[in-house]
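Okay, structure first, notes after.
The values are calculated or read from the model by the stated rules, or taken from the named source; none is laboratory data. From a predicted model like this one, the values you see are computed outputs, not experimental measurements. Reconstructed Cβ throughout: ideal geometry from the backbone, glycine too, with neighbour counts over all protein chains shown. These accessible areas exclude ligands, DNA and RNA; they are computed on the full protein's heavy atoms, side chains included. Shrake-Rupley method; radii C 1.70, N 1.55, O 1.52, S 1.80 Å.
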Amino acid sequence: MLKLKQQFDLQRDVVFDILRKEASVCRVKEYSEDVDTRILNTERDGSVLYSWKGATGTTRIGKYDPYTKQNKLLYTFDKQVCVSSCSLNKEETLLAVSLAQNTSAQQRLKPISRCLTLLIEIHPINNTKVLKAVDCRVKVQFLHQETEWKSALESHLLLFTEDGYVDLYHVLLSKQEGYRVVLSNPERLSRAVERIIEDFCWVQWDGHTQRLYCLTRKDKFLLRCVQFYQNHSCDTVLELVLELPANAFRAVRFVSLGFDHYHVEKPEQELVRMRVFTNRLEQERSMCVCYSQPLKDKQELTYTVVLVHKDCSKRFRVCLGNDKPSLNSHQLHPLFIPIGYYILVYLQGYFLHCINTRQHEMLCHSLFLTGQDVNLGMQSQSDALTVMHKEDETSVCLLELACGSIHIAELSPAYLLQILRSDASPGCPSSRTDPLRLAALHCLLVFMGDDLKLELK
């Protein structure tokens, strides 16, 4: 159903380069020690932030540029630390880092007991400023600014805490000696803080739209959309009431805010999995809120797609059958994949539901496929894949964190054409019903209709 193209491979694009650098530091021909390289975050421009264990007992943070295919060392800690969150400003002058204060191997899978959040000058002095020292997890994310590098003398940093609030730091900078960019009045940094959200239980960052989605609950669950603008102001542009179970989020959830390798959520706590997707490049803009809820007593799964742009929602229930091994509750959560104005709901080995969010009232415009032929061709299970934002709305990036691979995924015209063929062998997807074939035809002609060769086929 999807056509995959590998965009990034951690071993090929980063680790080989690190091993060469560490060999140079140690003055050896080859460096064979484990560098323990881990992806930390992906920024709006597609750059990948990662950490690795240096040869001298240090932890280093680097950046991979997808355009130049080059790696750059950003910062070196003088000891081994556990980096749980990281973000780099656009000008590459400031690095925000949250450190988990439990460094022993036996404690890595335990909840974080303490978190130290730092703001680091990296161009070029490397001074540090402590932003937070708290007993809960902290996530950091810089806002993106459309400014020239030489004129940017301020940065803006979002700070999310497990205690349920979001702060916005306005960081003023100054130049010294013509090229050094340093914090201006760092002792006053704590005074330039703006509280954006309080008492959230779920939060998602959208880097391309510069939007923040937060879920709060009093009597009902309320989803808020906060838009950040180029003049550094923000405003709540949407509030939406969602019908969710009362105990939907027993622990605070962070979505699209990097990868914490030192905190593992308990699967049984994730009763609801939720994502928000927007399509802003089409003439008819769309926004979809997707969430799933497995049923513990049955091999059934329910998921809901709220079509905000259509002012309606669609709820689906899928029976997974009793002929397959029972899955744990966290394995019953599907993966929501946005491609253009389609939302794909995918559970590996069970089903793939391709939902047309424009023609929601016509069931023949949505494809529902079952069986092994819906496998995406990824090494990881569907619950181990991460959907990443991408500027091109006709495709999506999928990250396999375990192996460090990023793939660009598009709808496969060849697969859809196979559905239309009447002479395919038994067991092929083309032996399905006419509504399924009509949905495939609609996708080929409308969604992919600017390709003359494809129309002729």
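Can you give me the % of accessible surface on the chain that is carbon or sulfur? Probe 1.4 Å, all protein chains present, nothing else counted. Walk me through the intermediate numbers first.
Working: 10160 of 21620 Å².
In the chain, the share of accessible area belonging to carbon and sulfur is 47 percent.
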Applying the gyration tensor rule to the Cα atoms of segment 334-383 (axes a ≥ b ≥ c; rounded if a/c under 1.5, else prolate if a/b exceeds b/c, else oblate), the class is prolate
Using a 1.4 angstrom probe with every protein chain in place, what is the largest-first accessible-area order of Ser24, Ser395?
Ser24, Ser395
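Show Tyr50, Tyr179, Tyr165 ordered by accessible area, largest first, where the area counts protein heavy atoms only and the probe is 1.4 Å. Provide the component values of the computation, followed by the final result.
Values: Tyr50 5, Tyr179 110, Tyr165 40 Å².
The ranking, largest first, comes out as Tyr179, Tyr165, Tyr50.
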Net length gained if the chain between Leu452 and Arg180 were fully extended (0.36 nm per residue, minus Cα distance)
92.5 nm
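Report the trypsin sites (Lys or Arg not before Pro) located in segment 188-231 that are in a DSSP loop and have at most 10 other Cβ atoms inside 10 Å of their Cβ, or state none.
Numbers: sites: Arg188, Arg191, Arg195, Arg211, Arg217, Lys218, Lys220, Arg224; in loops: Lys218, Lys220.
When the trypsin sites (Lys or Arg not before Pro) of segment 188-231 are filtered for loop state and at most 10 Cβ neighbours within 10 Å, Lys218 remain.
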Semi-axes of the equivalent ellipsoid for the chain, please: Cα gyration tensor eigenvalues, times 5, square-rooted, ordered largest first, whole Å.
39, 26, 23
So how much accessible area does His144 have, in Å² to the nearest 10, using a 1.4 Å probe?
40 Å²
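With the other protein chains left in place, how much accessible area per residue, in square angstrom, belongs to the chain at a 1.4 angstrom probe? Present the calculation step by step, with values, prior to reporting the outcome.
On the way: 21620 Å² over 457 residues.
Heavy-atom accessible area per residue stands at 47 Å².
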D (µm²/s, integer) via Stokes-Einstein for segment 186-276, Kirkwood Rh across alpha-carbon pairs, 20 °C, 1.002 mPa s: value 144 µm²/s
Dividing the convex hull volume of the alpha carbon atoms of segment 39-89 by its residue count, what do you get in Å³ per residue?
73 Å³
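Per residue of the chain, what 222 nm ellipticity follows from adding -39500 (n - 2.57) for every DSSP H run with n ≥ 4, rounded to the nearest 500?
Details: 4 runs with 33 residues, N = 457.
So the helix-based figure for the chain works out to -2000 deg cm²/dmol.
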